[in-house]
Amino acid sequence: MKISSLLPSLLLALAPLAHSAPAQDPAAPEGASGIQSKQLSYAKKHMVAAANPHAVEAGLAILRKGGSAVDAAIATQLVLGLCEPQSSGIGGGAFMLFFDGRGVHAWDGRETAPAAVDEKLFLQADGSPVKRYEAIVGGRSVGVPGVMRMLEAAHKEHGKLPWASLFEPAIQLAQQGFALSPRLHKLLSDEPFLKRDPVAAAYFYDEQGKARPVGYLLKNPEYAASLRLLAAKGAAALHEGPLAQAIVDKVNKHAANPGKLSVQDMRDYRAKKREAVCLDYRKYTVCGMPPPSSGGIAVAQVLGMLEGRDMAALKPGAQGISAEAMHWISQAERLAYADRDHYAGDSDFVPLPGRGVAALLDKQYLKQRAALMGEKSLGQAAPGLPPFKPGANDKLAFGRDQSPELPSTSHFSIVDAQGHAVAMTTTIEDGFGARLMVGGFLLNNQLTDFSFVPADQHGPVANRVQGGKRPRSTMSPTLVFERDSKKLQLAAGSPGGPAIALYVIKTLVGVLDWKMDVQQAIALPNFGSRNGGMDVEEGAFDESVLQDLRQRGHQLRTWSMTSGLHAIERRMRDGESVWAGGADPRREGAARGD
């Protein structure tokens, strides 16, 4: 079919979507646990910013031994899986950006759907979607883990220290035990499903079914044993042999909600190296993840639409972030999320318009989209029609995505002594994943990041379930460079489900436009729009600002917006260039270096 004959049907398909908002649930399964004031941390040589102090120390120990940023990332991830098990671990997946001093490498360790599943995975017999937690809890939601294959592939190219040595901090901590933190205690106390798994119940709860108390020495010898296997045999120890079989059995033999995972699925998994999504913004180049993450494109689109506006003039004042700044940023976010919900998915299965990222980041296209932003809220924005390459024959998906993305994830940023850097966002999806524990770690429920409904009246959904496919994500690990010097300026990212891009955009504007230090930018109140109403962090804004937003037509929803942004930036201090690290006050993380 010629593109000229396709355009009318495209426009007809797009138009009704402005009146049909995607389901948005502000609930945060990995909820708030209080605000802890954080200070900007400085280092001259190397630095780690991560969501748990034990993980920071593990990464630093590797850097002090001369390890690369990738080496430190492995040690950091393994400890996060122990001390922050609700968020990430070796039973999940991740996206990692790595700067090697010459260019940016985008590593895709996203989980894949088992070969035996199809688009009816989350549909009932009558064709209606199952309820959220009926899908999540159990084996049906578990995808093939990808994080260890990804880290192993990156280590083969960019590691300095021996693979096995990177496991030592986590093995020692799992064996000796760590004090259960207030945040983990609260999340365990609020969690309704984890006790259904007897292995998890025995580990996290006492005989009366109460969460282990704050300060309890939590030891995990099974996790230590799994890590020893991985240290000795590589990632294959997770994807083949007894551990892989144990994962498959746990998934498929679930009494109420079995899955369709096979040993072959585990064995066949491969991490992928992809081309980073990069866009020039003012005097910077901002790089993010490509599909199956939608985060890199969404962040780049928003910045591209804001570039023609004097954002520096909207720097926060005495009342904090102004309604005007929030208005224009959220307007751009609506337009970006409209494209995201319409087009984004695993591009190995469903092509992007124009068969690539470039069409969605086309400067003229973004100018046309920005021209739609007026003084009144767009409300529900329609997706755009990016330019097509001449002669292309794109089979685009038109359906509206209906996936209940959930924000249990973690992010860490690392800079090593060579100035090389990692920005890695890692996840098991919902808080405590599928609530299945095996080998001392929790399994992901990543398949619920697919759209539960495979098609609607507009056509198939790009992010529908298909065997071997990777579910769409909003994870947005980000690296920023000075455009002229090519020097690394910032490494950042956050958890937060579909709101991840909002948190990253706020921080980028804070650092790049408002010239805040990274800790100040992270601590700014969270806000933004995923195309519909505007989300605002509960208790963080002056009522006069909220009233101004309402007068501009914004429908406001207040909730905790518990981001977990951890970032490192290059700054001048006392006449010399140093690294400055920031940790999100909404979580228990830290930034430290030498």
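Every number here is computed from the coordinates shown, using simple stated rules; none is lab data. Bear in mind the structure is a predicted one, so any value in this text is a computation, not a measurement. Glycine also receives a Cβ, built like all others from the backbone with ideal geometry; neighbour counts cover every protein chain displayed.
Numerical summary
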{"quantity": "Loop-located trypsin sites (Lys or Arg not before Pro) in region 287-379 whose Cβ has at most 12 other Cβ within 10 Å (DSSP)", "calculated": "376"}
{"quantity": "Within region 36-76: backbone nitrogen closer than 14 Å to the residue 179 label point (7 Å, Cα to C-beta)", "calculated": "53-54"}
{"quantity": "Dipole magnitude (debye, nearest 20) for region 508-566, charges at Cβ of Lys, Arg, Asp, Glu", "calculated": "220"}
{"quantity": "Furthest towards positive pole of dipole, 180, 343, 161, structure part the chain, Cβ charges", "calculated": "161"}
{"quantity": "Cα-centre dipole for the chain with unit charges at Cβ (Lys and Arg positive, Asp and Glu negative), debye to 20", "calculated": "820"}
{"quantity": "Cα-derived Rg over Rh, computed across region 475-568 with Rh taken as Kirkwood radius", "calculated": "1.01"}
{"quantity": "Quarter of Cα convex hull surface for the chain, i.e. mean projection, nm²", "calculated": "25.2"}
{"quantity": "Cysteines without a disulfide-compatible neighbour (Cβ-Cβ under 4.7 Å), the chain", "calculated": "83"}
{"quantity": "FRET efficiency estimate (nearest 0.05) - Cβ-Cβ, residue 249 to residue 124, R0 30 angstrom", "calculated": "0.70"}
{"quantity": "Neighbour cut-off at most 14 other Cβ (10 Å), DSSP loop, trypsin sites (Lys or Arg not before Pro), region 221-256", "calculated": "253"}
{"quantity": "Positive-end residue, region 545-594 charge dipole about Cα centroid, Cβ charges, pick of 581, 553, 564", "calculated": "553"}
{"quantity": "All aspartates and glutamates inside 20 Å of residue 65 as judged from Cα atoms, apart from same-chain residues fewer than 8 positions distant", "calculated": "57, 100, 152, 157, 168, 416, 594"}
{"quantity": "Proximal charge balance of residue 443 [Cβ under 9 Å; K/R count +1, D/E count -1]", "calculated": "+2"}
{"quantity": "Where N is the number of residues in region 132-246, Cα Rg divided by 2.2 N^0.38 Å", "calculated": "1.24"}
{"quantity": "Extension gain, residue 417 back to residue 574 (0.36 nm per residue minus Cα-Cα distance, nm)", "calculated": "54.5 nm"}
{"quantity": "Cβ-defined net charge surrounding residue 320, 13 Å radius [Lys, Arg +1; Asp, Glu -1]", "calculated": "-3"}
{"quantity": "FRET efficiency, 1/(1 + (r/R0)^6) with R0 60 Å, evaluated for residue 275 and residue 201 via beta carbons", "calculated": "0.85"}
{"quantity": "Euclidean distance between Cα centres, region 472-519 to region 292-332, Å", "calculated": "12"}
{"quantity": "Pairs beyond 19 Å (Cα-Cα), from 156/233; 273/367; 120/469", "calculated": "273/367"}
{"quantity": "Straight-distance crosslink candidates among lysines, where the alpha carbon sits under 21 Å from residue 363 and sequence neighbours closer than 8 are dropped", "calculated": "283, 389"}
{"quantity": "Counted charge near residue 468, where neighbours are those whose Cβ lies closer than 10 Å (Asp, Glu -1; Lys, Arg +1)", "calculated": "-2"}
{"quantity": "Where trypsin sites (Lys or Arg not before Pro) fall in DSSP loop in region 47-109, at most 15 other Cβ within 10 Å", "calculated": "65, 102"}
{"quantity": "Electrostatic dipole magnitude of region 436-528 [Cβ: Lys, Arg +1; Asp, Glu -1; Cα centre; debye, to 20]", "calculated": "220"}
